[in-house]
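Peer 1: Questions regarding the structure given below will be posed in turn.
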Amino acid sequence: MSDSTDNQEIENHCNSESETSLKKATEKQKVDILLKPTGNAPIMKTKKWTVDSDKPIGWIIEFVKKYLKLDSSEKLFIYVNQTFAPSPDQTVRNLYNCYCTEGKLVLHYCTTQAWG
């Protein structure tokens, strides 16, 4: 009888752990990003944004271009921590997991190449 009680306790413990990790995963579906202008880029009034972690960087580029009312022919470059330009298909979650600073992903934007 003791073995079945122990097994049930282990199952309950495992279920509660998986529920906790599932809650954390659903809670962190959004990521805080900080958008900073570089060079001659126009300044955004709102710098801190919360975005869906599954969004690609290409989506952020289009969002910033639309927010700044840039021409569709104008280029916008995004850099992570002033070091490299991520691929447009790179997800926000992946960059956040690797390069977050104080709970935020810092992205610098400019209309001309700055780094890398």
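The values are calculated or read from the model by the stated rules, or taken from the named source; none is laboratory data. Since the structure is predicted, the reported quantities are computational estimates derived from the model, not experimental observations. Virtual Cβ from ideal backbone geometry, glycine too; neighbours counted across all protein chains shown. The area values use the complete protein model at the heavy-atom level, side chains included, leaving out ligands, DNA and RNA. Shrake-Rupley method; radii C 1.70, N 1.55, O 1.52, S 1.80 Å.
Peer 1: Looking at the square roots a ≥ b ≥ c of the eigenvalues of the Cα gyration tensor of region 40-87, which shape do they give, rounded for a/c under 1.5, prolate if a/b is larger than b/c, or oblate? Let's see the in-between values first.
Peer 2: Details: a/c = 1.32, a/b = 1.20, b/c = 1.10.
Rounded.
Peer 1: Could you state the accessible area per residue of region 31-111 in Å², with a 1.4 Å probe and every protein chain left in place? Write out the running numbers ahead of the final one.
Peer 2: Details: 4510 Å² over 81 residues.
It amounts to 56 Å² per residue over region 31-111.
Peer 1: Order the peptides 66-75, 45-54, 32-41 from the highest to the lowest mean number of other Cβ atoms within 10 Å of their residues. Working shown, then result.
Peer 2: Working: 66-75: 10.4, 45-54: 12.2, 32-41: 15.8.
Listed from highest to lowest mean packing, they are 32-41, 45-54, 66-75.
Peer 1: Net charge near L68: determine it from the other residues with C-beta under 15 Å of the C-beta of L68, scoring Lys and Arg +1 and Asp and Glu -1.
Peer 2: Numbers: positive: K36, K45, K47, K65, K66, K69, K75; negative: E62, D71, E74.
Once all neighbours under 15 Å are counted, the net charge is +4.
Peer 1: Let me ask something additional. Between region 91-110 and region 36-66, how many Å separate their Cα centres?
Peer 2: One Cα centre to the other: 12 Å.
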